[in-house]
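A.B. asks: Got a structure for you, questions after.
The values are calculated or read from the model by the stated rules, or taken from the named source; none is laboratory data. Being a predicted model, the structure only gives us computed values, none of them experimental. When we count neighbours, we look across all protein chains shown, and the Cβ atoms used for this are built from the backbone with ideal geometry, even at glycine.
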Amino acid sequence: MNDCPIIIILYLFRLLKDFLMKKYIYFTLLAALFSTIVTAQKPQKLNSNQIYEKIQKLNFLGTALYIAAHPDDENTRLISYLANNVKARTAYLSLTRGDGGQNLIGTEIRELLGLIRTQELLAARGIDGGEQLFTRANDFGYSKHPKETLEFWDKEKVLSDVVWAIRTFKPDVIINRFNHRTPGTTHGHHTTSAMLSVEAFDLAANKTKYTNQLKHTSVWQPQRLFFNTSSWFYRSQAAFKKATEGKLSTVDVGVYYPLKGLSNNEVASMASSQHLCQGFGRVTRRGSQQEYVEFLKGTKPKVQNDIFSGINTTWNRIKGGGEIGDILYEVEKNFAFSNPSKHLPELLKAYDKINLLTDTHWKAIKLKQLKEIIEAAAGLYLEVSATSSSTTPNGQVEIRMEVLNRSNLTTFFDSYSYEQNGVTVVKSPEKQLENNVKLNLSDTIQLKNNAYSDPYWLKNKWSLGMYDVTNQLQIGKPESDRPLQITFHLNMWEHDISFTKNVVYRYSKRDKGEIYEPFEILPEVTTKLANKVLIFSDGKPQKVQVVIRAGENNIKGNVGLDAPRNWTISPKEIPFSIAQKGDNLTVDFMVTPPNGQSEGVLKSFATINGKQYRKELVEINYNHIPKQSVLLDSEAKVVRLDIKKNGNYIGYIAGAGDVIPESLRQIGYNVLVIDPTKINNENLHKFDAVVVGIRAYNTVDALKFKQKFLLEYVEKGGNMIVQYNTSGRRGIDVGAPYELKVSRDRVTDETATVTIIAKKHSLMNFPNKIESSDFNGWVQERGLYFPNKWGKEFAPILSMNDKGETAKEGSLLVAKHGKGYYMYTGLSFFRELPAGVSGAYKLFANMLSIGKENIKTQQEIKE
Ligand SMILES: [Zn+2]
């Protein structure tokens, strides 16, 4: 739930290394258990039990949609219960991709983190049997209230996307994870997800609303809407009972599945443990366990504890379904576990009848489900792999096909086909597929003006709150359709049937075995600026590196940089040639900033035969998700600071992880990272200031024992800056020399007005004059976990608040202690400095310089 498990996340930070080790082992075990998990692009290979379960699902014609805001909000116990016990077609609609969360396994943040979390959701659904849907909403970070949420999200667009999900998925039952009636009690995204779901429940059936969608789908009225409640949402078990008396349906989500050898809650734990980058590992639970749903809207279930009560979920539900049911219920009843291929004649008969259905919605769903069953029952193996991981929009693809039938059913391989530029190319091998005799084919496909295959929602520039996707048919999809597919046309026992397969890239590594990767279409050349934020603390030119990557063999061209006004680049362009596809070449430019404060964007480009390429290729490669190839605008922020500094040698005690030392080095400080266990009474005095990294008192046990040396250092004239620590129910002791109570106060609006309340304080004047304009351009938030109570020794410097809240004065507190200074700040310097926010640099330089008014600034020393 993003904010709710924050305590768990923090706890896991401490156990990160250990935890990840265990996770990978766990994941391996899990993969062995669930051969159907779509790890990367590996083809599914269903065993007999799984085929049987698929037939049970084929024979259930009911649909459920679960709605919340983030990856990991979803209740996998209920989703798994609906998908595996009820056998309903079940989807999770996550309004966002979780772009604003934290990343425990790598450095990706924001949109790239959203991409990882999308894949983790798909992995979770691969285990619990659900499907995955999204809207265009971008997770912009923590939000206290739905009102604020909807200032960032375009309500009409997000609501339209929820309506679109309902109209296309056509659920009988919708279940909200959050309460729409209690804004302000949880993350604003959470409440908003429930509020939009309640509105969309009616709008989806209204043919005068979002009429552009009706070119592609039809209106839909779900039967009923629930809220998946629990005592967690209320203050106590008694309050929960009182609020929900008589309104609840209860389901036991602890049911046991003998076919899997697992309890439903075990399946659910495995699914939610896929949220690796959020540290969502869970202890597996077994045994009976209750889930509660509160009826909100629609027709009340007649049987209280049956979510689908009164809804026809049999084949009789659709016109012409009766005779299909007659065939398929018999197959289910008499299923031959030792030889599923025995059922192929009946399955093919049903296949022909489904093909004739006039209900296009159910026809598409049931054909897809049944084809998967037929393919598995016949032991068909159909795979098409490219000999290279990518090609260019006009490139060639060499493909290898493996075609194998492992049944006695008379089967012919009539032809295969693919689409190119709107034209279907058909090739006809016309071969009989003898039982267990493999057929290998190869072909070369010449592409014509294909689009790049990168994630569709990252193709256009997005805003903080919304992705820009205009193609209605793409909206909601978890990922881009794969760029190249081959359709195999077979004739099985006199029935024509076709199977479409994505082209994959398959290879092996000695230490990893066989690896499947998505096949991609990528530019001929991409460039990237080695550093994404470049800080110039004076007027001197700096070397800026551009990395060129070849997307095909033998490329030759020029690479250049576009500079902001008044910045100069030398040379203008640099010629390059790269012989081997995939190779990189690095070239250097000299960039000179203007005099005085300035910031802008540096953009790199390559030109080949008059065509300009401005994209950077970002590859994301983790073991638990398929490899991701993303194309972003190749650019970097450049900042020329007009900044004065006193003091030079900074000691840094790392906490949970931030890049402040690198940021300080960029503006010329000499920073030494201190091992906290080595701190003693004499090795700190050499530092002009000692800075403590974020959450250090939460994560570094040694600090507790070394605090006395740190305070002694301050007493003797040192300068200590402590950045934010989190405070749980029991609070946190940060060892301040005077009373200081860290609270959960935060200011999440990064544009919130900042009032300087201590205008005359040295922190606001020396060596840089701080003005309100220095608080412009901050990113994500102002700060978090501000103290809300402090001793009179502390001077509060700034005041700020989110809309509708009281002023918070604890963001930056300073106290004279002995001859030195102790400062505590919840301001998000760990975000602002790496983002190149000049005002944050000036303020931090003042904090490092406090007490050094009588010493010359470094500029003065030079002059
Ligand atoms: Zn959440």
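A.B. asks: Could you tell me whether the range 66-76 includes any residue that is touching a helix residue (DSSP H, G or I) at 6+ places or on another chain (Cβ under 7 Å), surrounded by 23 or more Cβ atoms within 10 Å (Cβ to Cβ) and at positive phi?
C.D. replies: Within the range 66-76, one or more residues are touching a helix residue (DSSP H, G or I) at 6+ places or on another chain (Cβ under 7 Å), surrounded by 23 or more Cβ atoms within 10 Å (Cβ to Cβ) and at positive phi.
A.B. asks: Here's something else I'd like to know. Go through (1) touching a residue at least 60 places away in the same chain (Cβ under 8 Å); (2) closer than 24 Å to Asn49 by Cβ one by one and return the number of the condition Gly254 breaks.
C.D. replies: Result: Gly254 passes all but (1).
A.B. asks: Of the conditions (1) without any contact (Cβ under 8 Å) to a residue 40 or more places away in the chain; (2) under 23 Å from Lys147 (Cβ atoms); (3) among the aliphatic types (A, V, I, L, M), Val747 clears all except one; give me its number.
C.D. replies: It is condition (1) that Val747 fails.
A.B. asks: Could we say that Gly98 is touching a helix residue (DSSP H, G or I) at 6+ places or on another chain (Cβ under 6 Å), modelled with pLDDT of 95 or more and closer than 20 Å to Asn623 by Cβ here? Break it down into steps so the answer makes sense when it comes.
C.D. replies: Numbers: touching a helix residue (DSSP H, G or I) at 6+ places or on another chain (Cβ under 6 Å): yes; modelled with pLDDT of 95 or more: yes; closer than 20 Å to Asn623 by Cβ: yes.
Yes, satisfied.
A.B. asks: If Ile109 passes every condition in (1) away from the ligand (no atom under 13 Å from the Cβ); (2) touching a residue at least 12 places away in the same chain (Cβ under 8 Å) but one, which one does it miss?
C.D. replies: The single condition Ile109 does not satisfy is (2).
A.B. asks: Go through Glu662, Glu712 for me and flag whichever is among the acidic types (Asp, Glu), more than 36 Å from the chain's Cα centre (by Cα) and surrounded by fewer than 19 Cβ atoms within 10 Å (Cβ to Cβ). Give the steps one after another, and end with the answer.
C.D. replies: Working: Glu662 fails: more than 36 Å from the chain's Cα centre (by Cα).
The conditions single out Glu712.
A.B. asks: Can you tell me which of Lys512, Lys448, Lys459, Lys438 is more than 30 Å from Leu95 (Cβ to Cβ) and under 27 Å from the mean Cα position of the chain (by Cα)? Quick ask: steps written out before the conclusion?
C.D. replies: Numbers: Lys448 fails: under 27 Å from the mean Cα position of the chain (by Cα); Lys459 fails: more than 30 Å from Leu95 (Cβ to Cβ); Lys438 fails: under 27 Å from the mean Cα position of the chain (by Cα).
From the options Lys512, Lys448, Lys459, Lys438, the qualifying one is Lys512.
A.B. asks: Let me ask something else. Kindly establish whether Ser498 is closer than 16 Å to Arg400 by Cα, surrounded by fewer than 17 Cβ atoms within 10 Å (Cβ to Cβ) and either touching a residue at least 40 places away in the same chain (Cβ under 8 Å) or not acidic (Asp, Glu) (or both). Lay out the reasoning, then the answer.
C.D. replies: Working: closer than 16 Å to Arg400 by Cα: no; surrounded by fewer than 17 Cβ atoms within 10 Å (Cβ to Cβ): yes; either touching a residue at least 40 places away in the same chain (Cβ under 8 Å) or not acidic (Asp, Glu) (or both): yes.
No.
A.B. asks: Of the conditions (1) closer than 24 Å to Leu214 by Cβ; (2) surrounded by 23 or more Cβ atoms within 10 Å (Cβ to Cβ); (3) touching a strand residue (DSSP E or B) at 6+ places or on another chain (Cβ under 6 Å), Ala88 satisfies every one except a single condition; which number is it?
C.D. replies: Checking Ala88 against (1) closer than 24 Å to Leu214 by Cβ; (2) surrounded by 23 or more Cβ atoms within 10 Å (Cβ to Cβ); (3) touching a strand residue (DSSP E or B) at 6+ places or on another chain (Cβ under 6 Å), the one that fails is (1).
A.B. asks: Restricting to the range 277-335, what's the tally of residues that are crowded, with 16+ Cβ neighbours inside 10 Å and of a type in the set (Val, Ile, Thr)?
C.D. replies: Residues that pass the stated criteria total 8.
A.B. asks: Are there any pairs, at least 6 apart or on different chains, whose C-beta atoms fall under 9 Å, with the first in the range 338-353 and farther than 17 Å from Asn491 by Cβ and the second modelled with pLDDT under 95 and among the basic types (Lys, Arg), and if so, which?
C.D. replies: Hits for this filter: zero, empty list.
A.B. asks: When you look at Phe27, is it touching a His at 6+ places or on another chain (Cβ under 9 Å) and modelled with pLDDT under 95, yes or no?
C.D. replies: yes
A.B. asks: What pairs can you find where one residue is in the range 192-208 and farther than 14 Å from Ser94 by Cα, the other is of a type in the set (S, T, N, Q) and not in a helix (DSSP H, G or I), and their Cβ atoms are less than 8 Å apart, with a gap of 6+ or different chains?
C.D. replies: Once the first residue is farther than 14 Å from Ser94 by Cα and sits in the range 192-208, its partners that are of a type in the set (S, T, N, Q) and not in a helix (DSSP H, G or I) give Val198/Asn176; Ala204/Gln221; Ala205/Gln221.
A.B. asks: Next question. Only one of these is surrounded by fewer than 24 Cβ atoms within 10 Å (Cβ to Cβ), touching an Asp or Glu at 6+ places or on another chain (Cβ under 7 Å) and of a type in the set (S, T, N, Q): Gln56, Gln102. Name it. Steps first, please.
C.D. replies: Working: Gln102 fails: touching an Asp or Glu at 6+ places or on another chain (Cβ under 7 Å).
Criteria check complete, one pass: Gln56.
A.B. asks: Please work out which residue is nearest to Arg110 (Cα to Cα), limiting yourself to the range 271-320 and to residues that are in a loop (DSSP other than H, G, I, E, B) and hydrophobic (A, V, I, L, M, F, W, C).
C.D. replies: At the first step, the residues of the range 271-320 found to be in a loop (DSSP other than H, G, I, E, B) are 273-275, 279-289, 299-314, 318-320.
Restricting the remaining residues to those that are hydrophobic (A, V, I, L, M, F, W, C) gives 280, 283, 303, 307-308, 311, 318.
On the way: Phe280: 19, Val283: 28, Val303: 45, Ile307: 37, Phe308: 38, Ile311: 42, Ile318: 44 Å.
Taking the candidates together, the pick is Phe280.
A.B. asks: Does Tyr622 satisfy the condition of being in contact with a helix residue (DSSP H, G or I) (Cβ under 8 Å, 6 or more places away or on another chain), in a strand (DSSP E or B) and not hydrophobic (A, V, I, L, M, F, W, C)? Before you say what the answer is, go through the steps one by one.
C.D. replies: Numbers: in contact with a helix residue (DSSP H, G or I) (Cβ under 8 Å, 6 or more places away or on another chain): yes; in a strand (DSSP E or B): no; not hydrophobic (A, V, I, L, M, F, W, C): yes.
It is false that Tyr622 is in contact with a helix residue (DSSP H, G or I) (Cβ under 8 Å, 6 or more places away or on another chain), in a strand (DSSP E or B) and not hydrophobic (A, V, I, L, M, F, W, C).
Results for (1) surrounded by fewer than 21 Cβ atoms within 10 Å (Cβ to Cβ); (2) in contact with a strand residue (DSSP E or B) (Cβ under 8 Å, 6 or more places away or on another chain); (3) closer than 20 Å to Leu82 by Cα, shown as yes or no for each residue.
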site	(1), (2), (3)
Asp172	no, yes, yes
Arg177	no, yes, yes
Pro183	yes, no, no
His187	no, no, no
Thr192	no, no, no
Ser197	no, yes, yes
Leu214	yes, no, no
Trp220	yes, no, no
Phe226	no, yes, yes
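A.B. asks: Sort out which residues of the range 536-568 are assigned to a strand (DSSP E or B) and not β-branched (Val, Ile, Thr), and write them in order of number. Before you say what the answer is, go through the steps one by one.
C.D. replies: From the range 536-568, those assigned to a strand (DSSP E or B) are 536, 542-550, 555-562, 568; that's our starting set.
Within the range 536-568, Phe536, Gln542, Lys543, Gln545, Arg549, Ala550, Lys556, Gly557, Asn558, Gly560, Leu561, Asp562 qualify.
A.B. asks: Of Lys260, Lys241, which residue is more than 29 Å from the chain's Cα centre (by Cα) and free of Cβ contacts under 8 Å to residues at least 24 places away in the same chain? Explain how you work it out, then say what you get.
C.D. replies: Numbers: Lys260 fails: free of Cβ contacts under 8 Å to residues at least 24 places away in the same chain.
The conditions single out Lys241.
A.B. asks: When you scan the range 360-368, do you find a residue that is over 30 Å from Arg406 (Cα atoms) and of a type outside the set (A, V, I, L, M), even just one?
C.D. replies: Within the range 360-368, the first condition is being over 30 Å from Arg406 (Cα atoms), and the residues that meet it are 360-361.
Narrowing the set further to residues that are of a type outside the set (A, V, I, L, M) leaves 360-361.
Yes; the residues of the range 360-368 include at least one that is over 30 Å from Arg406 (Cα atoms) and of a type outside the set (A, V, I, L, M).
A.B. asks: Could you list, ordered by first residue, the pairs with Cβ atoms under 8 Å in which the first is in the range 125-151 and over 30 Å from Gln50 (Cβ atoms) and the second is assigned to a strand (DSSP E or B), at least 6 apart or interchain?
C.D. replies: Matching pairs, first to second residue: Thr135/Leu93; Arg136/Met466; Ala137/Met466; Asn138/Met466; Tyr142/Arg746.
A.B. asks: Does the range 764-800 hold any residues that are in contact (Cβ under 8 Å) with a residue 60 or more places away in the chain, touching a helix residue (DSSP H, G or I) at 6+ places or on another chain (Cβ under 9 Å) and within 19 Å of Ala736 (Cα to Cα), and which are they?
C.D. replies: Correct list: empty.
A.B. asks: Then there's this: Got a sec? Which of Ala376, Ala386 is touching a residue at least 40 places away in the same chain (Cβ under 8 Å) and within 30 Å of Val525 (Cβ to Cβ)?
C.D. replies: On the way: Ala376 fails: within 30 Å of Val525 (Cβ to Cβ).
Criteria check complete, one pass: Ala386.
A.B. asks: Looking only at the range 60-81, which residues are assigned to a loop (DSSP other than H, G, I, E, B) and near the ligand (Cβ under 9 Å from one of its atoms)?
C.D. replies: Answer for the range 60-81, where residues must be assigned to a loop (DSSP other than H, G, I, E, B) and near the ligand (Cβ under 9 Å from one of its atoms): Ala69, His70, Pro71, Asp72, Asp73.
A.B. asks: Which strands (runs of 3 or more DSSP E) sit wholly inside the range 419-518 and have at least 1 residues that are of a type in the set (D, E, K, R)?
C.D. replies: Values: elements: 423-427, 439-446, 485-492, 495-502, 504-509, 513-518.
Qualifying strands (runs of 3 or more DSSP E): 423-427, 439-446, 495-502, 504-509, 513-518.
A.B. asks: Still on this structure: Say whether the condition of being in a helix (DSSP H, G or I) and of a type in the set (Lys, Arg) is met by at least one residue in the range 344-359.
C.D. replies: Of the range 344-359, the ones in a helix (DSSP H, G or I) are 344-355.
Adding the requirement that they be of a type in the set (Lys, Arg) leaves 349, 353.
The answer is yes, given that some residue of the range 344-359 is in a helix (DSSP H, G or I) and of a type in the set (Lys, Arg).
A.B. asks: Does Ile650 satisfy the criteria of being of a type in the set (A, V, I, L, M, F, W, C) and outside any strand (DSSP E or B)? Before you say what the answer is, go through the steps one by one.
C.D. replies: Details: of a type in the set (A, V, I, L, M, F, W, C): yes; outside any strand (DSSP E or B): no.
It is false that Ile650 is of a type in the set (A, V, I, L, M, F, W, C) and outside any strand (DSSP E or B).
A.B. asks: Just to verify a result, which residue in the range 155-200, among those that are of a type in the set (S, T, N, Q) and in a helix (DSSP H, G or I), is farthest from the ligand (Cβ to nearest atom)?
C.D. replies: Only one residue tops the list, namely Thr168.
A.B. asks: Taking the range 82-102 only, how many residues are under 17 Å from Val163 (Cα atoms) and within 16 Å of the ligand (Cβ to nearest atom)? Walk me through how you get there before you give the answer.
C.D. replies: Let us first name the residues in the range 82-102 that are under 17 Å from Val163 (Cα atoms), namely 90-96.
Subset that is within 16 Å of the ligand (Cβ to nearest atom): 92-96.
Residues that pass the stated criteria total 5.
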